[in-house]
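Notes follow the structure.
The values are calculated or read from the model by the stated rules, or taken from the named source; none is laboratory data. Small disclaimer: the values here were computed from a predicted structure and weren't measured. Virtual Cβ from ideal backbone geometry, glycine too; neighbours counted across all protein chains shown. Just so you know, the surface numbers come from the protein's heavy atoms only, side chains and all, with ligands and any DNA or RNA stripped out. Shrake-Rupley method; radii C 1.70, N 1.55, O 1.52, S 1.80 Å.
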Amino acid sequence: MKTTIGFIGLGNMGVPIAQNLLAAGYQLQVYNRTLSKIDELGTEGVTKCQSPAEAANSVPFVISMLSDDAVLRESVIGDGGILKTLQPNAVHISMSTISPDTAEELAALHEQAGSRYLASPVFGRPEAAAARKLWICISGDEKTKADARPILDTLGQAVIDFGDKTAGANVVKIAGNFMIMASMEMMAEAYTLAEKNGLDRVQVSEFFGSTLFAAPIFQNYGKAIANKQYQPVGFKSKLGYKDARLAFKLSQTSEMPMPTVNTVHNRLLTAVAKGWGEADWVEGVSRGVSEDAGI
């Protein structure tokens with residue numbers, strides 16, 4: 001029998017990740033704010049927990065996949081947080097998209113408590129998580145990375161090490177999500193420009209996705225944008241807006257001018273303001289551009 005792992009957070013990404021851990025033979029102690037969500041994992045190898053602290057009790061590893069900094073911080077240092085029970089030298093693998101400041105803060109708190117923290121954000125939508133095709137970024141202490149590596153290798157197509165600075169992987173994640181948002185905005189504008197001039201936006205996207213921009217982002221997101229295909233929801237616009245805020249804040253604290261951050265930040269803020277927060281971020285961007293164009 002393999003190691004028992006604590007698992008916190010069963011959103012669109014957390015469910016397939018947890019399912020793959022179970023398929024790999026791990027036992028899970030699972031906490032989710034909506035406890036009934038845990039039933040999706042079945043009962044074999046799963047212990048349902050009432051708090052993050054219970055999920056972290058007596059296990060060498062805890063994985064968290066949570067929506068934002070505040071939820072993650074509460075799950076770590078709140079009244080029922082994992083630091084109440086996490087055993088000495090245990091590792092918290094944090095897969096959430098959060099600010100570098102929060103990562104550094106949580107790493108210091110783990111160190112004070114005698115446990116360890118590993119930044120491990122991922123790239124990939126829920127279908128990629130289910131197919132074990134995630135790109136997993138890590139940063140932090142060398143031994144911690146080595147200890148967590150066998151678990152992470154079961155979840156993705158590659159684990160990429162961004163050095164010993166705790167928050168390095170979080171900077172990469174914010175930069176990458178910014179690039180995705182900017183690419184979506186660019187494609188939505190280009191394909192809507194084609195549509196306004198009487199061209200088939202799907203044909204235009206297929207041309208670019210197979211020639212000048214033959215890359216997964218332009219092929220997969222480009223197809224969804226061109227077809228105005230917004231279901232199923234893989235990543236909500238309100239979470240995209242959260243990531244845009246992270247990119248904007250990091251640009252400010254780094255004194256790094258990023259004019260395009262303003263564009264995608266406002267685009268996703270507008271989507272949330274219009275009541276599209278629960279819609280996929282593809283819709284938040286693409287529908288917004290179409291409405292601006294009068295389509």
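Is it true that some residue in the range 159-170 is in contact with a helix residue (DSSP H, G or I) (Cβ under 7 Å, 6 or more places away or on another chain), assigned to a helix (DSSP H, G or I) and not charged (D, E, K, R)?
Yes, the conditions are met somewhere in the range 159-170.
Select from the range 13-50 the residues that are open to solvent by 70 Å² or more (accessible area, probe 1.4 Å) and either among the basic types (K, R) or touching a residue at least 60 places away in the same chain (Cβ under 8 Å) (or both) and list them in ascending order.
Q19, R33, K48, listed by residue number.
Determine whether I180 is open to solvent by 20 Å² or more (accessible area, probe 1.4 Å), touching a residue at least 24 places away in the same chain (Cβ under 8 Å) and not in a helix (DSSP H, G or I).
It is false that I180 is open to solvent by 20 Å² or more (accessible area, probe 1.4 Å), touching a residue at least 24 places away in the same chain (Cβ under 8 Å) and not in a helix (DSSP H, G or I).
To keep it simple, each residue is scored yes or no on (1) assigned to a helix (DSSP H, G or I); (2) open to solvent by 70 Å² or more (accessible area, probe 1.4 Å); (3) of a type in the set (D, E).
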site: A244; (1), (2), (3): yes, no, no
site: A247; (1), (2), (3): yes, no, no
site: S251; (1), (2), (3): yes, no, no
site: P257; (1), (2), (3): no, yes, no
site: T260; (1), (2), (3): yes, no, no
site: H265; (1), (2), (3): yes, no, no
site: T270; (1), (2), (3): yes, no, no
site: G275; (1), (2), (3): no, no, no
site: E278; (1), (2), (3): no, yes, yes
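Regarding the range 87-96, can at least one residue be identified that is within 14 Å of the chain's Cα centre (by Cα) and more than 26 Å from E54 (Cα to Cα)?
no
Since H110 meets every condition but one in (1) modelled with pLDDT under 95; (2) more than 30 Å from N220 (Cα to Cα), which condition does it not meet?
(1)
Taking the stated definitions as given, is S67 assigned to a loop (DSSP other than H, G, I, E, B), small (G, A, S), closer than 26 Å to C137 by Cα and touching a residue at least 40 places away in the same chain (Cβ under 8 Å)?
Criteria met by S67.
Against the condition open to solvent by 10 Å² or more (accessible area, probe 1.4 Å) and out of contact with any strand residue (DSSP E or B) (no Cβ under 7 Å at 6 or more places or on another chain), how does L86 come out, does it pass?
No: the conditions fail for L86.
Just the residues that are surrounded by fewer than 21 Cβ atoms within 10 Å (Cβ to Cβ) and of a type outside the set (D, E), please, taken from the range 59-83.
P60, S67, A70, V71, R73, I77, G78, G80, G81, L83
Of the conditions (1) open to solvent by less than 30 Å² (accessible area, probe 1.4 Å); (2) under 13 Å from M184 (Cβ atoms); (3) more than 19 Å from the chain's Cα centre (by Cα), A293 clears all except one; give me its number.
Answer for A293: the failing condition is (2).
Among the numbered conditions (1) assigned to a helix (DSSP H, G or I); (2) more than 23 Å from F123 (Cα to Cα); (3) of a type outside the set (V, I, T); (4) open to solvent by 20 Å² or more (accessible area, probe 1.4 Å), tell me where Y191 comes up short.
So Y191 meets the others, but not (4).
Only residues that are touching a Leu at 6+ places or on another chain (Cβ under 9 Å), over 11 Å from V91 (Cα atoms) and open to solvent by less than 40 Å² (accessible area, probe 1.4 Å): list them for the range 125-151, please.
Selection gives A128, A129, L134, I136, I138, S139, G140, I151.
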